[in-house]
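Participant: Quick one: the structure is below, and I'll ask about it shortly.
The values are calculated or read from the model by the stated rules, or taken from the named source; none is laboratory data. Here the structure is a predicted model, which means the values were calculated and not measured. Positions of Cβ are generated from backbone atoms using ideal geometry, with glycine treated the same way; all protein chains shown enter the neighbour counts. For the accessible areas, the whole protein counts, side chains as well, though only heavy atoms, and no ligand, DNA or RNA atoms are used. Shrake-Rupley method; radii C 1.70, N 1.55, O 1.52, S 1.80 Å.
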6 protein chains.
Amino acid sequence: MLHIFILFALFFSSTSHASVQDFCVADLKGPDSPAVSPAFVAQFPGVNGLGLSIARLDLAPAGVIPLHTHPGASEILLVVHGKITVGFISSANSVYVKTLKRGEVFVFPQGLLHFQVNAAGYKATAFASFNSPNPGLQITDFALFANNLTSALVEKTTFLDHAQVKKLKAILGGTG
Amino acid sequence: MLHIFILFALFFSSTSHASVQDFCVADLKGPDSPAVSPAFVAQFPGVNGLGLSIARLDLAPAGVIPLHTHPGASEILLVVHGKITVGFISSANSVYVKTLKRGEVFVFPQGLLHFQVNAAGYKATAFASFNSPNPGLQITDFALFANNLTSALVEKTTFLDHAQVKKLKAILGGTG
Amino acid sequence: MLHIFILFALFFSSTSHASVQDFCVADLKGPDSPAVSPAFVAQFPGVNGLGLSIARLDLAPAGVIPLHTHPGASEILLVVHGKITVGFISSANSVYVKTLKRGEVFVFPQGLLHFQVNAAGYKATAFASFNSPNPGLQITDFALFANNLTSALVEKTTFLDHAQVKKLKAILGGTG
Amino acid sequence: MLHIFILFALFFSSTSHASVQDFCVADLKGPDSPAVSPAFVAQFPGVNGLGLSIARLDLAPAGVIPLHTHPGASEILLVVHGKITVGFISSANSVYVKTLKRGEVFVFPQGLLHFQVNAAGYKATAFASFNSPNPGLQITDFALFANNLTSALVEKTTFLDHAQVKKLKAILGGTG
Amino acid sequence: MLHIFILFALFFSSTSHASVQDFCVADLKGPDSPAVSPAFVAQFPGVNGLGLSIARLDLAPAGVIPLHTHPGASEILLVVHGKITVGFISSANSVYVKTLKRGEVFVFPQGLLHFQVNAAGYKATAFASFNSPNPGLQITDFALFANNLTSALVEKTTFLDHAQVKKLKAILGGTG
Amino acid sequence: MLHIFILFALFFSSTSHASVQDFCVADLKGPDSPAVSPAFVAQFPGVNGLGLSIARLDLAPAGVIPLHTHPGASEILLVVHGKITVGFISSANSVYVKTLKRGEVFVFPQGLLHFQVNAAGYKATAFASFNSPNPGLQITDFALFANNLTSALVEKTTFLDHAQVKKLKAILGGTG
């Protein structure tokens, strides 16, 4: 059973202007599928002029934040509960993977592919700091399979098989 | 038969300090595979302090520049010969695709996934201008399948099937 | 009894190149004095080019991080244990003070005076994220009373009384 | 008798859109108090997009610009009349003090504490250039004693005595 | 016969919002005069936030883009048809001149004087990439001779003869 | 008689590391020529990291700072003695000219042509503040007539007469 469930919420510690925005919600059934836990994104009101922001990530026991980039910011991740396996691929195509415990931190350079995976059998929580109020977010799977980019172009530019592309487009709601 | 052949060359119009660097060369056999044409990257010597650079792209008749990002720069592509289908996926997950003829231009915002595909039965040439001397380059397929990122992590963070991951790792020389 | 004890340590989660630097250690006796807890500053090796950094703050039960500025960065503070009263004074001279519980965050704009005070009877821990690898630090008391700035100039430019200046210079090791 | 009188005026050499803004005016009586002279701040209309600004400082014979920072800009001070003792405290807590004569200049790095004191028995004039149209200004005494920051928090975060804090709050109009 | 004819046009490859703006049109008669060809400037709609832009230059057989600067951007010129002699003068007053053929590129550092001259007996086309959406343009002749800057000031600040100044003001429509 | 004499000196108010550099010295005879006064450029040692600099200009009674640009900085000019007529030409080709008295200021946007001319029968002094430690300087006459840029290219790209170009090349030491 595949639970892809990513919720982005804006909350503020010192104001009542909290807003919650559903970034993407998919709840799909299927065998041997990973579950993606909700991710809460916290941003201060008025942080726009200050050049930084922070987000909270909550990962369910089998939770995954899929491969993604932040085009507009570098990120430092701090684990405050549980264990999380994190990794990024450098511009020299080297892989940096590490399992973080509570109180440990890891840095993801701006614009590079990275991911977070719950590494224990229980809930994990982390905070991601960005050096921009608008780090942006591009989840590779959503860019490929959750819009109207044609299967033909996906296959040509990723070398993925036709059946694989069709399967993930079906799961993530893409067309074309 | 799959020809994945990407050559990055530095050449300079006004000096003899031209250098040619093989970014990646793969020459593999297999059914129904696209051919990736060489891409030549031109950069001036001493452009480091000037905040911009330019690259030349040569696409063979069935040539493809696979899905990739430039973490450090926006890009304007200018087609000078042939026809090229280009596209990018925005941070709002919208798809922008267009087939460019000679003299037409297209812009790719910094850090977002994009691609170029030869759209005619003959060679195509384009020039890519960047607003940084070091735009960087991350080709999604190479990041996933051409290094030692484990298949387990690729599958967990992309939802791709095991067989698909193993197949592309074999083609692109990845391990794990 | 006055315990002014501020320790800055560099530690790294993923390397063994951790280094610990004593920023300032003062251990002084006197009546009705607050105790300043150690503050550990964590910075990744090689974060220099990435535009951000993070520091860990550990406040003893009566711990205080005295009034200070970071000339080179804005800061987001995240409390992960205990309760901390934080505040800053804006450029319009307005005061923003709040007592943060675990999981709450607060932002300090670049260059403005701010402070952190343990608000409970037990240890508190927080993490400070900066949008610069070199945020800098200027503690007002140390700038006034822990160097050779003459008492005459301190008094003229702060309107503090002579006895007050002499008392704090004696405690903090200043001369002149 | 304490005359704390700081007037910030915007004037323009080439337009009639000059505006005068009272930044802070305090006129208070008391023994052995320094007199703070008016400071006129000159800014061009429309300098906002140009990345710099200039201010004029007029110091009465015993005039003082109290300890302050500019969070958003570095400053170069040029003395055009009289003698002014200037100083700043570096991020390494070193003190740089110098008495400037007409035609001499001094630089204050962004965000660091600094001051200006008339060093002769007659009026002095200087011009301060900033590398931002909005350098900002935070006068330490006003941040501590001229608003509603509680005396308890001032004392905890500066180690100043209760009587000293209360005295300056009374002079500068602070509450709490 | 002197044809000074510079046309700046905004066109867009992917939209119908193309706009054409006449930057400057002068059509004057006189002996032994160079002809300046139209220059078309292409800018994407919405490129404002992306930090780069591109312009197309079309030079008639005897066409010249007169001495000019771009105050806000560096430029890379790519020749796609014909031959163009380009040059700039560095801040050390050194001269860099080169005749470019099709496919060759040349860089002009931000703010420095440069020019382009058709170097063959037939039409030439080039594309200029800038690392700013607003590179700006200041043509030296227009700044001196096509407005109301008085001849007296032009002569004093350029050492040009009075007759020369009056002749070019007449041609370019300047007064004073 | 033409006296073109521009001296750039680095001096520092607080150190003995002052250095004097002759930027350009020409001493030439000729009828009805303006005299260019020495210009002293003051820069602090170590201002490199602070983002600003300052220069002192001394204009003889008939002194002129010829038409020039600073490619890397905006400038604010402050007159401290005498009267100076200043002006710049905007990117919209508008002329802004004003005669400044002591204590008046004027701003020159980055990269735009501007000049300063003594407007009285006696010595004038001014200070120029820049929002960069390296504003750069390009004097139009020197770029055209004081190097080996060929007369043919100067004439083609400026529309100046051959005799005029040859005359100024002779005065300023240019060849070609």
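Participant: Checking the structure you have, find out if any residue of the stretch E:98-106 is within 14 Å of chain F (Cβ to nearest Cβ) and within 29 Å of E:Lys169 (Cβ to Cβ). Show your work before the answer.
Facilitator: Taking the stretch E:98-106 as the starting set, the residues that turn out to be within 14 Å of chain F (Cβ to nearest Cβ) are E:98-99.
Within this subset, residues satisfying the condition of being within 29 Å of E:Lys169 (Cβ to Cβ) are none.
The answer is no, given that none of the residues of the stretch E:98-106 is within 14 Å of chain F (Cβ to nearest Cβ) and within 29 Å of E:Lys169 (Cβ to Cβ).
Participant: Then there is this: Name the residues in the stretch A:161-173 that are within 9 Å of chain B (Cβ to nearest Cβ) and part of a loop (DSSP other than H, G, I, E, B), would you?
Facilitator: Taking the stretch A:161-173 first, the residues within 9 Å of chain B (Cβ to nearest Cβ) are A:161, A:163-164, A:167-168, A:171-172.
Hit for the stretch A:161-173 is A:Asp161, nothing else.
Participant: Return yes when D:Ala55 is at pLDDT below 95, closer than 18 Å to F:Phe130 by Cβ and buried (at least 21 other Cβ atoms within 10 Å of the Cβ) and no when it is not. Spell out how you get there, then give the answer.
Facilitator: Values: at pLDDT below 95: yes; closer than 18 Å to F:Phe130 by Cβ: yes; buried (at least 21 other Cβ atoms within 10 Å of the Cβ): yes.
It is true that D:Ala55 is at pLDDT below 95, closer than 18 Å to F:Phe130 by Cβ and buried (at least 21 other Cβ atoms within 10 Å of the Cβ).
Participant: Tally time: how many residues in the stretch A:69-81 are surrounded by fewer than 19 Cβ atoms within 10 Å (Cβ to Cβ) and part of a loop (DSSP other than H, G, I, E, B)? Explain how you work it out, then say what you get.
Facilitator: Going residue by residue through the stretch A:69-81, those that are surrounded by fewer than 19 Cβ atoms within 10 Å (Cβ to Cβ) are A:81.
Subset that is part of a loop (DSSP other than H, G, I, E, B): none.
So the count comes out to 0.
Participant: While we're on this one: What are the residues in the stretch D:72-120 that are among the acidic types (Asp, Glu) and touching a residue at least 60 places away in the same chain (Cβ under 8 Å), if any? Don't jump to the end; show me each part of the working.
Facilitator: Here is the first cut: in the stretch D:72-120, the ones among the acidic types (Asp, Glu) are D:75, D:104.
Correct list: D:Glu75 only.
Participant: Right, another one. Got a number for residues in the stretch F:82-92 being within 17 Å of the chain's Cα centre (by Cα) and assigned to a loop (DSSP other than H, G, I, E, B)?
Facilitator: Count: 1.
Participant: Then there is this: Any idea which of (1) in contact with a Pro (Cβ under 6 Å, 6 or more places away or on another chain); (2) farther than 30 Å from E:Thr85 by Cβ; (3) at pLDDT 50 or above is the one B:Ala73 doesn't satisfy?
Facilitator: Every condition holds for B:Ala73 apart from (2).
Participant: Collect the residues in the stretch A:46-67 that are more than 18 Å from B:Ala152 (Cβ to Cβ) and either within 14 Å of chain B (Cβ to nearest Cβ) or among the hydrophobic types (A, V, I, L, M, F, W, C) (or both), keeping them in residue-number order. Lay out the reasoning, then the answer.
Facilitator: Within the stretch A:46-67, the first condition is being more than 18 Å from B:Ala152 (Cβ to Cβ), and the residues that meet it are A:46-58, A:60.
Listed by number, the residues that qualify are A:Val47, A:Leu50, A:Leu52, A:Ile54, A:Ala55, A:Leu57, A:Ala60.
Participant: A follow-up question, please. If I ask for residues that are over 25 Å from D:Phe142 (Cα atoms), more than 10 Å from chain D (Cβ to nearest Cβ) and either at pLDDT 95 or above or open to solvent by 30 Å² or more (accessible area, probe 1.4 Å) (or both), which ones from the stretch C:129-160 would you list?
Facilitator: Residues of the stretch C:129-160 that are over 25 Å from D:Phe142 (Cα atoms), as a first pass: C:129-134.
Okay, now just the ones that are also more than 10 Å from chain D (Cβ to nearest Cβ), so C:129-133.
Within the stretch C:129-160, C:Asn131 is the sole residue that qualifies.
Participant: Can you name the condition, by its number, that C:Val154 falls short on among (1) in the same structural domain as C:Gly72 (by TED's automatic domain parsing); (2) under 23 Å from D:Gly174 (Cα atoms)?
Facilitator: That leaves (1) as the condition not met.
Participant: Could you grab me the full set of residues in the stretch C:99-113 that are over 21 Å from D:Gly136 (Cβ atoms) and modelled with pLDDT of 95 or more? Please lay out each step first, then the result.
Facilitator: Taking the stretch C:99-113 as the starting set, the residues that turn out to be over 21 Å from D:Gly136 (Cβ atoms) are C:99-105.
Correct list: C:Thr99, C:Leu100, C:Lys101, C:Arg102.
Participant: Given the criteria within 14 Å of chain C (Cβ to nearest Cβ), touching a strand residue (DSSP E or B) at 6+ places or on another chain (Cβ under 7 Å) and modelled with pLDDT of 95 or more, does D:Gln116 qualify?
Facilitator: On the way: within 14 Å of chain C (Cβ to nearest Cβ): yes; touching a strand residue (DSSP E or B) at 6+ places or on another chain (Cβ under 7 Å): yes; modelled with pLDDT of 95 or more: yes.
Yes, satisfied.
Participant: For the stretch D:86-94, state whether one or more residues are open to solvent by less than 10 Å² (accessible area, probe 1.4 Å) and among the small types (Gly, Ala, Ser).
Facilitator: Just the residues of the stretch D:86-94 that are open to solvent by less than 10 Å² (accessible area, probe 1.4 Å), to begin with: D:86-87, D:89.
Now restrict to residues that are among the small types (Gly, Ala, Ser): D:87.
Scanning the stretch D:86-94 turns up at least one residue that is open to solvent by less than 10 Å² (accessible area, probe 1.4 Å) and among the small types (Gly, Ala, Ser).
Participant: In the stretch F:115-143, what residues are within 16 Å of F:Pro66 (Cα to Cα) and over 15 Å from the mean Cα position of the chain (by Cα)?
Facilitator: F:Ala119
Participant: If we scan the stretch F:38-47, do we find a residue that is assigned by TED's automatic domain parsing to the domain that holds F:Ala128, buried (at least 20 other Cβ atoms within 10 Å of the Cβ) and at pLDDT 90 or above?
Facilitator: The answer is no; no qualifying residue exists.
Participant: Could you tell me which of the residues A:Pro61, A:Pro66 is assigned to a strand (DSSP E or B) and either within 30 Å of C:Gly111 (Cα to Cα) or at pLDDT below 95 (or both)? Full working, then the answer.
Facilitator: Numbers: A:Pro61 fails: assigned to a strand (DSSP E or B).
Only one candidate qualifies: A:Pro66.
Participant: Among (1) closer than 23 Å to B:Ser132 by Cβ; (2) more than 12 Å from chain F (Cβ to nearest Cβ), there is one condition E:Ala124 misses while meeting the rest; what is its number?
Facilitator: (1)
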